[in-house]
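Report on the following structure.
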Amino acid sequence: MTTKRRDFLTGSLSAAGAAMTANLAHGQEHPDHEHQSVPSDPTLRVKALESLLVEKGLVDRNALDALVDTYENKIGPRNGARVVARAWVDPAYKARLLADATSAIAELGYSSKQGDRMLVVENTKKVHNVIVCTLCSCYPWPVLGLPPVWYKSAPYRSRVVIDPRGVLREFGLELPEDVEVRVWDSTAELRYLVLPERPAGTQSLNEEQLAALVTRDAMVGVARVAPPEAGGKP
Amino acid sequence: MNGVHDLGGMQDMGPIQYERNEPVFHAPWESRVFAMFLAAGAWRKWNLDAFRHAREVLPPADYLLVSYYEQWLSCFARFAGQEGIGQRG
Amino acid sequence: MVSAAEMASGVPAPGAPKATPPLTADSIPATLPNRIHAHRDVRVSPRFEPGQRVRARNINPIGHTRLPRYARGKVGTVCLDHGVYVFPDTSAHFLGEKPQHVYSVRFAAQELWGLEAAPQDSVYVDMWDDYLEPA
């Protein structure tokens, strides 16, 4: 699937890079701050901490393994994509989703009653929604899994509230001037999901095929869902 | 607090660094930190607000430059040590 | 107590008490997604209602707050009442839960950023009751 998005810097943040930049931080004076000491490799510190917690009976190693497996393999944007596809094909479900997203999402099995309270905001021809957490990294885990690094980082968090159109442009999305942009800053315990517009030319697709088109970026609001390629396959 | 974490509206923070096909965790140690953090939610002596604040009081340059899970590790380790998580009651 | 020495060595001190029960794989479903859930089923009177104009207070607490600086002193409109939640400003410092209503408040982009912002754009911020005053 081609995107109109520009390729910009793609280097992944590495622990080694973090250690290097942390050395820069050491050069500054923080008389009122206790400096965090940054050893060369987090792996050793993490192993030591985990062993300690396990030895003290605070956590079970199997439990940690299961948590990792859940968020690496079981909970991710495919969940949100199914919610979106269901809303596209089933108007009654869409109405329930917009009225009480927590319950509607739970219908598909993606969050428990004790889970985060969800709100779904709908993109239309006239309204474009985009989600952020300017203060930290709050994100709708049950439907999107864990947030990407860019979502948690200073450039996005700082800019999208003040220059959402510029941020969307950087993602390759140019909005018409008559569209209203709504930025949702997740300052409390409500979690937001964008219901993107269904692209044109998808009438013949079934729910599963529609879900395959829906990207994480579209559900955060920094992209639109692209129509299937000319070849006909999503 | 009026810390550097309160980023909304700040300018000149640089381009958005987008990684294509980004993995959930960039290294196994990140996933272990993440799992321990979730497991800590079952402990009675901490809460999410306190943990968020622990990150907010990191030295400002560290907050902006040190990787996300490295920050968590730092906060988490300090919290476990300071708050006596291992004690009863 | 997990001591600094224990942290460094990865080995518990001899005779250190163990907490019981540990989090096991079986108990994971109950804790996933794992939060100390902030919603509270208590009756608290809301001070505001949807449609009402409000101003975010100009508070500058030294401790934890979820009222971003860009919204302080700005006027917006309450769009939704989300219900009652733990108040982070006190909760973070173990000074009590102080449950209160949280509202979705719409701020016009021009109100936040000046006349150069697009007139039809807006930022929605979730605000605790204590963050707001009538406008």
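The values are calculated or read from the model by the stated rules, or taken from the named source; none is laboratory data. Just so it is clear, the model here is predicted, and its values are computed rather than measured. Here the Cβ positions follow ideal geometry from the backbone for every residue, glycine too, while neighbour counts run over all protein chains shown.
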Exercise. Consider A:S153 carefully, then state whether it is surrounded by fewer than 22 Cβ atoms within 10 Å (Cβ to Cβ) and within 16 Å of the chain's Cα centre (by Cα).
Key: yes
Self-check item: Output for region A:24-67, where each listed residue is away from chain C (no Cβ under 12 Å) and at pLDDT 85 or above
Solution: A:P42, A:T43
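Yes/no matrix, rows are residues, columns are (1) of a type outside the set (F, W, Y); (2) over 21 Å from C:D81 (Cβ atoms):
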residue: A:R86; (1), (2): yes, yes
residue: A:D116; (1), (2): yes, no
residue: A:T124; (1), (2): yes, yes
residue: A:N129; (1), (2): yes, no
residue: A:T134; (1), (2): yes, yes
residue: A:V143; (1), (2): yes, yes
residue: A:Y156; (1), (2): no, yes
residue: A:D163; (1), (2): yes, yes
Quiz item: What is the residue count in region C:78-96 for residues that are crowded, with 20+ Cβ neighbours inside 10 Å, over 13 Å from C:H39 (Cβ atoms) and more than 7 Å from every other protein chain (Cβ to nearest Cβ)?
Solution: 2
Quiz item: Only one of these conditions is not met by A:A99: (1) among the hydrophobic types (A, V, I, L, M, F, W, C); (2) in the same structural domain as A:W141 (by TED's automatic domain parsing); (3) crowded, with 23+ Cβ neighbours inside 10 Å. Which number is it?
Solution: (3)
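Only residues that are more than 16 Å from B:C75 (Cα to Cα) and either among the polar types (S, T, N, Q) or crowded, with 17+ Cβ neighbours inside 10 Å (or both): list them for region B:25-34, please.
So the first thing to find is which residues in region B:25-34 are more than 16 Å from B:C75 (Cα to Cα), and the list is B:25-28.
Selection gives B:F25, B:H26, B:A27.
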Quiz item: Is it true that A:V161 is β-branched (V, I, T) and either within 29 Å of C:M127 (Cβ to Cβ) or surrounded by fewer than 21 Cβ atoms within 10 Å (Cβ to Cβ) (or both)?
Solution: yes
Quiz prompt | Every residue from region A:103-145 that is on the phi > 0 side of the Ramachandran plot and out of contact with any helix residue (DSSP H, G or I) (no Cβ under 8 Å at 6 or more places or on another chain) | solution = A:G109
Quiz item: Name the pairs whose Cβ atoms lie under 6 Å apart, with the first residue in region A:59-80 and under 30 Å from A:P196 (Cα atoms), the second part of a helix (DSSP H, G or I) and of a type in the set (D, E, K, R), and 6 or more positions between them or separate chains?
Solution: A:P77/A:R216
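Can you tell me which residue within region A:165-196, out of those that are in contact (Cβ under 8 Å) with a residue 60 or more places away in the chain and touching a Pro at 6+ places or on another chain (Cβ under 6 Å), is nearest to A:C138 (Cα to Cα)? Working first, answer last.
Start the filter on region A:165-196 by keeping residues that are in contact (Cβ under 8 Å) with a residue 60 or more places away in the chain, which leaves A:170-173, A:182, A:184, A:189-196.
From what's left, touching a Pro at 6+ places or on another chain (Cβ under 6 Å): A:191, A:193.
Working: A:R191: 7, A:L193: 12 Å.
Ranking the qualifying residues of region A:165-196, first place goes to A:R191.
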Exercise. Would you list the helices (runs of 4 or more DSSP H) that sit entirely within region A:106-224 and hold 1 or more residues that are among the aromatic types (F, W, Y), out of contact with any strand residue (DSSP E or B) (no Cβ under 6 Å at 6 or more places or on another chain) and closer than 22 Å to B:D49 by Cα?
Key: A:141-144, A:149-152
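Do we have A:L168 as assigned by TED's automatic domain parsing to the domain that holds A:A85, modelled with pLDDT of 95 or more and touching an Asp or Glu at 6+ places or on another chain (Cβ under 8 Å) here? Break it down into steps so the answer makes sense when it comes.
On the way: assigned by TED's automatic domain parsing to the domain that holds A:A85: yes; modelled with pLDDT of 95 or more: yes; touching an Asp or Glu at 6+ places or on another chain (Cβ under 8 Å): yes.
It is true that A:L168 is assigned by TED's automatic domain parsing to the domain that holds A:A85, modelled with pLDDT of 95 or more and touching an Asp or Glu at 6+ places or on another chain (Cβ under 8 Å).
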Quiz item: Considering only residues of region C:104-130 that are crowded, with 19+ Cβ neighbours inside 10 Å and more than 9 Å from every other protein chain (Cβ to nearest Cβ), which is nearest to C:V54 (Cα to Cα)?
Solution: C:V105
